[in-house]
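The values are calculated or read from the model by the stated rules, or taken from the named source; none is laboratory data. Just so it is clear, the structure is predicted and the values come from calculations on it, not from any experiment. For neighbour counting, all protein chains shown are included, and Cβ atoms are generated from backbone atoms with ideal geometry for every residue, glycine included.
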């Protein structure tokens, strides 16, 4: 007989609802506008470590609202956020689910360090205030030069898991891990940060790259990496690139895993304890 009961208790789901309200109140106080963008997108993402879920005849389920939010900013939208579902193929486990709730926001005229402080303010509002420590990527994983990317990724994951208890911002990623962040003035590190809370990676933020030609070059490199790994290459989202060409304003953006934040707020150790049901 099928188990029809929800994964989380009613009390846990009520707690989750309270946390959602607290997040929305945080942004309302700061006059950051909540927006909604489509879950279905015509294009997937080129990033080799993120796999989009294809929906026959319709396109892809969005892995993040990033492209749509940046298009809104290019069209004149003020600082904005989206709190809703995102989807990634092959992500399943204690801290992963193919469908999850993402909180993503963009702040005009912020750099990544200013946004880092705002992320800390939000986390403090949800989890209670605690001190934060800051480590560079090299301080966390050791020397970076000449080490293969796979080795660095494993070292990073292991090191993050060991950062418990406590709240840590990781900054100054290697330039080849910039993703869509601009580079720092040294040209060798990215204007990017991640937040790790009690050993759990919570948020990933950038001082956003605005150069359309550099975006295209990075997308092409991503596709070359995908091809080398035997993954399908992805068509570029030309509407997004046209928005960048029209002019993305100076901004910083961050994506935060709301389910993980809720898990920590509830004192739980599995995302299932924050979810009504798992779709898969």
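Kindly indicate whether residue 54 is out of contact with any helix residue (DSSP H, G or I) (no Cβ under 9 Å at 6 or more places or on another chain) and either over 23 Å from residue 220 (Cβ atoms) or touching a residue at least 24 places away in the same chain (Cβ under 8 Å) (or both).
So residue 54 fails the test.
Here's the yes/no breakdown for (1) touching a strand residue (DSSP E or B) at 6+ places or on another chain (Cβ under 6 Å); (2) within 23 Å of residue 27 (Cβ to Cβ); (3) surrounded by 20 or more Cβ atoms within 10 Å (Cβ to Cβ):
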| residue | (1), (2), (3) |
| --- | --- |
| 76 | no, yes, no |
| 95 | no, no, no |
| 104 | yes, yes, yes |
| 114 | no, yes, no |
| 117 | no, yes, no |
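Kindly evaluate residue 127 against the criterion of being over 26 Å from residue 266 (Cβ atoms), touching a residue at least 12 places away in the same chain (Cβ under 8 Å), over 15 Å from the mean Cα position of the chain (by Cα) and surrounded by fewer than 21 Cβ atoms within 10 Å (Cβ to Cβ).
no
In this structure, does residue 172 turn out to be modelled with pLDDT of 95 or more, out of contact with any helix residue (DSSP H, G or I) (no Cβ under 8 Å at 6 or more places or on another chain), closer than 22 Å to residue 144 by Cα and not in a loop (DSSP other than H, G, I, E, B)?
Answer is no for this residue.
For the range 219-249, name all the residues that are touching a helix residue (DSSP H, G or I) at 6+ places or on another chain (Cβ under 8 Å), over 17 Å from residue 63 (Cα atoms) and without any contact (Cβ under 8 Å) to a residue 40 or more places away in the chain.
241, 245, listed by residue number.
Among the residues of the range 136-151, are any assigned to a strand (DSSP E or B), surrounded by fewer than 17 Cβ atoms within 10 Å (Cβ to Cβ) and modelled with pLDDT of 95 or more?
Going residue by residue through the range 136-151, those that are assigned to a strand (DSSP E or B) are 136.
Of the ones still in play, those that are also surrounded by fewer than 17 Cβ atoms within 10 Å (Cβ to Cβ) are 136.
Okay, now just the ones that are also modelled with pLDDT of 95 or more, so 136.
Taking every residue of the range 136-151 in turn, at least one turns out to be assigned to a strand (DSSP E or B), surrounded by fewer than 17 Cβ atoms within 10 Å (Cβ to Cβ) and modelled with pLDDT of 95 or more.
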